[in-house]
1. State which residue pairs qualify: first residue closer than 19 Å to T226 by Cβ and part of a helix (DSSP H, G or I) and inside segment 265-279, second residue modelled with pLDDT under 95 and small (G, A, S) in any location, beta carbons under 6 Å apart, and separation of 6 or more residues or different chains.
2. Check I204, I175 and return the single one that is farther than 24 Å from A87 by Cβ, without any contact (Cβ under 8 Å) to a residue 60 or more places away in the chain and assigned by TED's automatic domain parsing to the domain that holds L12.
3. Take segment 141-163 and flag every residue that is in a helix (DSSP H, G or I) and modelled with pLDDT of 95 or more.
4. If I ask for residues that are over 18 Å from A91 (Cβ atoms) and aromatic (F, W, Y), which ones from segment 114-171 would you list?
5. Among the listed residues P293, P311, which satisfies the condition of being in contact (Cβ under 8 Å) with a residue 60 or more places away in the chain and within 16 Å of R39 (Cβ to Cβ)?
6. Return the residue satisfying two criteria in turn: it lies in segment 314-337 and is of a type outside the set (A, V, I, L, M) and part of a helix (DSSP H, G or I), and of such residues it is farthest from D38 (Cα to Cα).
7. Name the residues in segment 191-214 that are surrounded by fewer than 21 Cβ atoms within 10 Å (Cβ to Cβ) and under 21 Å from K162 (Cβ atoms), would you?
Amino acid sequence: MPGLIDRYRDRLPFAPGDPVVSLQEGSTPLVPAPTLGDRVGAEVYLKIEGANPTGSFKDRGMTCAVSDALRGGAEAVLCASTGNTAASLAAYAARAGLRGAVIVPEGKIATGKLAQALMHGARVIALRGNFDVALRLVREVCERQPIALVNSVNPFRIEGQKTASFEIHEEIGSIDALCIPVGNAGNVTAYWKGFQEVGEAPRILGFQAAGAAPLVDGRPVEHPETVASAIRIGNPARWEEAMAAMTGSRGSVRAVSDEEILDAYRFLASREGVFCEPASAAGVAGLLKYGAPEGVARIVCVLTGHGLKDPQTALMQAGSVVPCEPELDAVEHAVLG
C-alpha cells in the first residue's frame, strides 16, 4: 500500500514532482469492538493508529510536514513533544537525511518514545518546563533559524492527519460519532477537516484527562498532570479550531479521570485484544463513562498510539509474572492456577 501522499495526492498540497518522505504510513486497521459495543449499545469500531510505522498517528502529519520541509530547503526540523511527535520527527528526519531535534519536558516522556527518538538519531533536549513552554520556545527558535517547525501548528501536519477520516469513510461509509483523545487538539481539527472534505459530519466527541482539561475548563491549565502523558498539555495550539470542530459537529468535549482512562486501557487490552497507550484510551473512557449520545448508532474510537510506547505504565497495570520451578507438576500447577 502506498504512503499517504501518493495515495491521496489529489487531496493534499503536493505536486507530482515534489519530494516525498514516506514510511508507507496510513492504511491502519479499523477493527470492530463487539464487547465495547455491547457495553454502550452501539456499533463501535477502533481506528488503530498505533499500526503506523513509529506506532502513532503522528506519522500521518509528519510525512507531509517533513516532505514540505525538504521541498522548501530547510536545514533541519524541530518540534516540542510529549513523546510521539518526537519519535515520528526523528524517524522521518532520518528518512529524509535532515537533522532532527526535539524538546521534551524533562522526566515527562514515556520510555518507549524516548528510545525511538534517540535511536533514530535526533538531538533530544530535556527542558526544565512543560510542553506549553517548550512549544513557545521552539516557535521562537524557528523564527530565527532556517529550521522547519513540525508541530501541529504546521498546516501540513493537519493535511496529513485528515486522511484518517478518508480511510474511515472508504471502509465503512457514514458514522454518527467519533470519540477522540484531545491534547494539543490538532487531531480533532484534522479529522473534522477530513470528514468535511468527504461530505460527512459525524459528531466529534473529544475527551481530555481531568488533570489536563483546558478545553473543558475554558482556560489554560498552568501545571497539567495526568498518567496519559501524550495529552498532558495545558494550552492546546489548535484550541479555537478544535472547539469549532466540536461545536460545528454538534459534538462536545468532556473530561475523564486517570482512573477511568486506566480502566478503559485495561478493558481494551483484556476484552478486545487491543493494546494502546494510556492517552489513546481516553476516548474509550469517555464513551464508557458518558455513553453513546441519543441517536448515535455507529461510532469510531481513535486509538492514537501503541501500548508499547509506554511500557512502564503497562507493567504497573498488568498482572505479575508467575515464578515456576522446571518440573512438570510445578508447571502444571502454575498453568492451572
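1. Cβ pairs passing all conditions: P278/A228; A279/A228; A279/A230.
2. The conditions single out I204.
3. P155, F156, R157, I158, E159, G160, Q161, T163
4. F131, F166
5. Sole residue among the options that is in contact (Cβ under 8 Å) with a residue 60 or more places away in the chain and within 16 Å of R39 (Cβ to Cβ): P293.
6. D329
7. Matches in segment 191-214: K193, Q196, E197, V198, G199, E200, A201, R203.
Conditions tested, residue by residue: (1) surrounded by 10 or more Cβ atoms within 10 Å (Cβ to Cβ); (2) modelled with pLDDT of 95 or more; (3) at positive phi; (4) among the β-branched types (V, I, T).
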site	(1), (2), (3), (4)
A281	yes, yes, no, no
K289	yes, yes, no, no
G307	yes, yes, no, no
T313	yes, no, no, yes
V321	no, no, no, yes
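The values are calculated or read from the model by the stated rules, or taken from the named source; none is laboratory data. As the structure is a prediction and not an experimental result, all values here were calculated from the model. Heads up, the Cβs are rebuilt from the backbone with ideal geometry, glycines too, and the neighbour counts pull from every protein chain shown.
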